[in-house]
Amino acid sequence: MTNEIVTVLEDIRHVILSGDYGRLADLVPALEDAESQLGSCDLQQAMALKAQADRTASCLQGAMSGLKSARRRVAEIDDAARGLTTYDRNGAKATLPCAPLTSRRI
């Protein structure tokens, strides 16, 4: 029975590594089903399962970190496209507009 959950965890890891995050939702029911069928397993099986779960969790954490970084970078680019943010002599924030990109002028 631990083979089923190991297979699902491997599938999740492969989906993460391929970047096909949309398929993760499809694997949740299979993971829940495999988890409910675990029953009792010996120490060796439990250790192998933990190692597989740790590898999968590491991939998930890396993917989440990458997505957060990408969102942050897109926000930075969006802010830069709005113009230069600076402060006047009174300390008030002011945004100096940039010239629109050639592709946006048309």
Fill in: A53 surrounded by 11 or more Cβ atoms within 10 Å (Cβ to Cβ) and closer than 24 Å to N3 by Cα
yes
Practice prompt. Please indicate, with yes or no, whether at least one residue in the range 88-106 is at pLDDT below 90, surrounded by 10 or more Cβ atoms within 10 Å (Cβ to Cβ) and either part of a helix (DSSP H, G or I) or among the polar types (S, T, N, Q) (or both).
Written response: yes
Worksheet item: Can you name the residue in the range 40-56 that is of a type outside the set (S, T, N, Q) and in contact with a Ser or Thr (Cβ under 9 Å, 6 or more places away or on another chain) and is also nearest to I12 (Cα to Cα) among such residues?
Response: L49
Item to complete: Hey, can you tell me all the residues within the range 1-37 that are loosely packed, with under 15 Cβ neighbours inside 10 Å, charged (D, E, K, R) and in a helix (DSSP H, G or I)?
Response: E10, R23, D26, E32, D33, E35
Practice prompt. Give the range 61-83 a look and list any residue that's surrounded by 11 or more Cβ atoms within 10 Å (Cβ to Cβ), among the hydrophobic types (A, V, I, L, M, F, W, C) and over 13 Å from the mean Cα position of the chain (by Cα), or say none.
Written response: A80, A81
Worksheet item: Given the conditions (1) surrounded by 12 or more Cβ atoms within 10 Å (Cβ to Cβ); (2) under 30 Å from T95 (Cα atoms), which single one is not true for A48?
Response: (2)
Practice prompt. Within the range 57-76, count every residue that is among the hydrophobic types (A, V, I, L, M, F, W, C) and farther than 12 Å from R13 by Cβ.
Written response: 5
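The values are calculated or read from the model by the stated rules, or taken from the named source; none is laboratory data. The model shown is predicted, which means the values in this text are computed figures rather than measured ones. Note: ideal-geometry Cβ built from the backbone for every residue, glycine included; neighbour counts use all protein chains shown.
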